[in-house]
Structures are given as C-alpha cells and as structure tokens.
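Everything on this sheet refers to the single structure shown next.
The values are calculated or read from the model by the stated rules, or taken from the named source; none is laboratory data. This one's a predicted model, so the numbers in the text were calculated from it and none came from an experiment. For neighbour counting, all protein chains shown are included, and Cβ atoms are generated from backbone atoms with ideal geometry for every residue, glycine included. Note: areas computed on protein heavy atoms with side chains; ligands, DNA, RNA excluded. Shrake-Rupley method; radii C 1.70, N 1.55, O 1.52, S 1.80 Å.
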Amino acid sequence: MKEFYFERLTVWQESRNFVKQVYLKTIEFPENEKFGLTSQIRRAALSITANIAEGMSRFTEKEKARFISIAYSSGIEVLNFLILANDLDYLTDDNYLKLRTDLEKITNQLNSLYKRFDK
C-alpha cells in the first residue's frame, strides 16, 4: 500500500494521536453537550489533520502554507474549547494540561512547517 507524504510527517502523526485523545476524553463529557462542545472540539481537532493532509497534496508552496495556516488556526480553536471544557469541569486539570501540552507541540510544529512554505 502506498504511503502518502503527509502520513510521514511527524506533525500529522502527532495530530492524529491528538484527535484520538480528544475523542477518548470527550466521551466523558455530559450527554447534553453531544451537539455542543463535544461536537465542536472534535470537529476542530479533526480539522488539524485534514488540513495538513489536504495542504500536502497541493502543488505550490503558497497553497501548502495556506492549508498549514488553517490547521494552525484549528489548533487554536481547539485550545479555546479545551479551556472552556476545563472551566466547566468537563476535563480534569491533569487531562487539560496533557492535551494542552500536546497541542502546543503540534501548533509549534505547524508554525515551523508554515515558515518553510511561506517564502
């Protein structure tokens, strides 16, 4: 089976794992948040991986940079939701800090990748 370029990127691999962790933690959110915060945080986390993959399929560096920028913005959106989930006691402080630390690493990697393409 062919492996695509984006699958080899550490940032995509770590983002993929991050999505899994987000799903596992949001299972514990209240049922009444199913179509609210749970859905929003999951969709934003998924957007990180999706935009990395789509961006790496583009032909120009400008296009690649644009999608990496969108992935970064989705990461910041996830951060916002993590903060709110912690404020609402949907996430323990330990879970919040672990997810935030992982997300900070991902956004730093995305920023570096963006700089590589945005010349």
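See the values below:
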item: Full-extension gain in nm, ILE27 to ARG100, via 0.36 nm per residue minus C-alpha separation; result: 24.5 nm
item: Cα→Cβ-extended label distance, 7 Å offset, between PHE4 and PHE35, nm; result: 3.1
item: Solvent-accessible heavy-atom area per residue, rounded to whole Å², over segment 1-84 at 1.4 Å; result: 59
item: In order through segment 11-27: 3J(HN,Hα) via Karplus (6.51 cos²θ - 1.76 cosθ + 1.60), integer Hz, x for Gly, Pro; result: 5, 5, 4, 6, 5, 4, 5, 4, 4, 4, 5, 4, 4, 5, 7, 6, 4
item: Under Karplus coefficients 6.51, -1.76 and 1.60, residue-wise ³J(HN,Hα) of segment 111-119 in Hz, glycine/proline x; result: 4, 5, 5, 4, 4, 5, 8, 8, 10
item: For peptides 1-13, 98-110, sequence by mean Cβ density within 10 Å, most packed first; result: 98-110, 1-13
item: From phi via Karplus (6.51, -1.76, 1.60), per-residue ³J(HN,Hα) for segment 85-101 in Hz, x at Gly/Pro; result: 4, 5, 4, 8, 6, 7, 10, 5, 4, 5, 5, 4, 5, 5, 5, 5, 4
item: Apportionment of accessible area to carbon and sulfur, the chain, percent (1.4 Å); result: 52
